[in-house]
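Below: one structure, written as structure tokens.
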Amino acid sequence: QVQLVESGAGWVQPGGSLRLSCAASGFTLHDSSIGWFRQAPGKEREGVSCISSSDNSTYYADSVKGRFTISRVNAKNTVYLQMNSLQPEDTALYYCAAVLYSSNCYYYTFGPWEYDYWGQGTQVTVSS
């Protein structure tokens, strides 16, 4: 069974850091493209970042460039999202998603294509 489990929920003050993890089971993560999304109450879900399966290319939303870093650790079958310089507008429920054997994650995260598998989400709260 394909499953994705996010972890790393927490509360931080503005300027703080958190690292989220997305652990995969039932499939090999390095064969998949992985995306991170977030959704705040009353707002649309938005793509945050992704990493491709084919060449490990990474992409970021303009709002998080320079602050967030996505990475893959194949030995742990896990993708991470390091979040630095967090601001209140980063407060949201964060989800990871996967599509198997995809060559490029960009069109799934920032374009019209839909990921096949989703995690349950992990809450990030940034406030003073």
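The values are calculated or read from the model by the stated rules, or taken from the named source; none is laboratory data. All figures in this text were calculated on a predicted structure; none of them were measured in a lab. Methodologically, a virtual Cβ is constructed for each residue, glycine included, from the backbone with ideal geometry; neighbour enumeration extends over all protein chains shown. Heavy atoms of the whole protein, side chains included, go into the accessibility calculation; ligands, DNA and RNA do not. Shrake-Rupley method; radii C 1.70, N 1.55, O 1.52, S 1.80 Å.
Across GLU6, GLU44, the residue with the most accessible area heads the list, and the full order at a 1.4 Å probe is GLU44, GLU6.
The stretch between GLU89 and SER7, if pulled fully straight at 0.36 nm per residue, gains 27.5 nm over its current Cα-Cα span. Annotation for THR28 and ASP55: the two label points, set 7 Å from Cα along the Cα-Cβ direction, are 2.1 nm apart.
Counting only Cβ charges, +1 for Lys and Arg and -1 for Asp and Glu, the dipole size of the chain around its Cα centre is about 300 debye.
Express the carbon and sulfur contribution to the solvent-accessible surface of the chain as a percent, rounded to the nearest whole number, probe 1.4 angstrom. That share works out to 47 percent. Fully extending the segment from TYR107 to ARG45 would add 20.8 nm, taking 0.36 nm per residue of separation and subtracting the current Cα-Cα distance.
In the context of the full set of protein chains, region 1-69 has a per residue accessible area of 50 Å² (1.4 Å probe).
Judged by the gyration tensor of its Cα atoms, with axes a ≥ b ≥ c, region 1-48 is prolate; a/c meets the 1.5 cut and a/b is the larger of a/b and b/c.
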